[in-house]
Amino acid sequence: MAVGYRFSDCELWPAQRLLLRQQRVLVLGGRAFDLLQVLVENSHRLMHKDELLERVWPGLAVEPNNLQVQVWTLRRLLGHGAIATVARRGYRFTPAVQALAGPLADEPPPAADAVAGPDAAWMGWAAPLQALPLLTLVGPDAAALRALAEALALHRRGARPAALWRIDARTLGTGSRVRAVPEPDDPLWQQLARQNGQLLLLDCQQAMPAARALVRAARSGAPGLQLLATAAAPLGLADEVLAEPPPTASRRPPAPAPAPAGLRWQPRPGGPQR
């Protein structure tokens, strides 16, 4: 049974309600996502308008133009030719679809409607990002990204108790110089892996080479570790997923609750420095 789908340069993961284009998160409203999922899962046939209305708005009486609006939204995002109109009948998804099975299906994130409180709207956007192993929040506002990353890290930690290690990338080195990066065989990585650990790496644009070196060491030393970074631009690493927070989230980031101090790493005596 398929758990995900690839078409054109996109991937669709229904359990996570996640749409990626070239490893970058594309934000979709709930009805638009539901419509896309139905069209993709039935790409082998024409979908009649009445059937789409019943599948996307089950049990609700809605005007046909609601369907047209969501189709227009998807065409604007994926290209006009992605959804063909069959006059007086319905719509058909035109790109070739490949079924996928992968790690994104192993651990579905909490449903968006399960998040309560004043930041529910923002967490509804963030909920699909919960299970990603290497996520970078990108944008021009470093302070807003830090606040959003803290909120997301704490939400992840609350859903699955884990060790949380916070690092300001500037403490790792500047320019091309990299220092104080634990080797892949350092016991720290095994400790984090045993505790379902999470690494929060902030302001990577201040020390990109050091940030990349740390992420590579973490992925080698603790393959199951979740990594969450903030930066003005992508780190440029394999399997990195990028997410640019919506403007409303960047203008008014949620205030994270107090959290325990992150884990600390001390170089072993005589150990190498890079």
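Listed values, structure above:
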quantity: Per-residue ³J(HN,Hα) for the stretch 48-53, Karplus 6.51 cos²θ - 1.76 cosθ + 1.60, θ = phi - 60°, Hz, x for Gly and Pro; calculated: 5, 4, 4, 5, 5, 4
quantity: Computed over the stretch 4-100, the ratio Rg/Rh where both radii use C-alpha atoms and Rh is Kirkwood; calculated: 0.93
quantity: Nonlocal amide H pairs with Ser8, under 5 Å, H built at 1.01 Å; calculated: Ala96
quantity: Mean Cβ count within 10 Å, highest first, over the residues of peptides 184-194, 82-92; calculated: 184-194, 82-92
quantity: Charge tally in the Cβ shell below 15 Å around Arg88, where Lys, Arg are +1 and Asp, Glu are -1, Arg88 excluded; calculated: +1
quantity: Highest average packing first - 6-19, 64-77, 202-215, Cβ atoms within 10 Å; calculated: 202-215, 6-19, 64-77
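Bear in mind these aren't lab numbers, they're just calculated from the coordinates by the rules spelled out. This is a predicted model, so every value here is computed, not measured. When we count neighbours, we look across all protein chains shown, and the Cβ atoms used for this are built from the backbone with ideal geometry, even at glycine.
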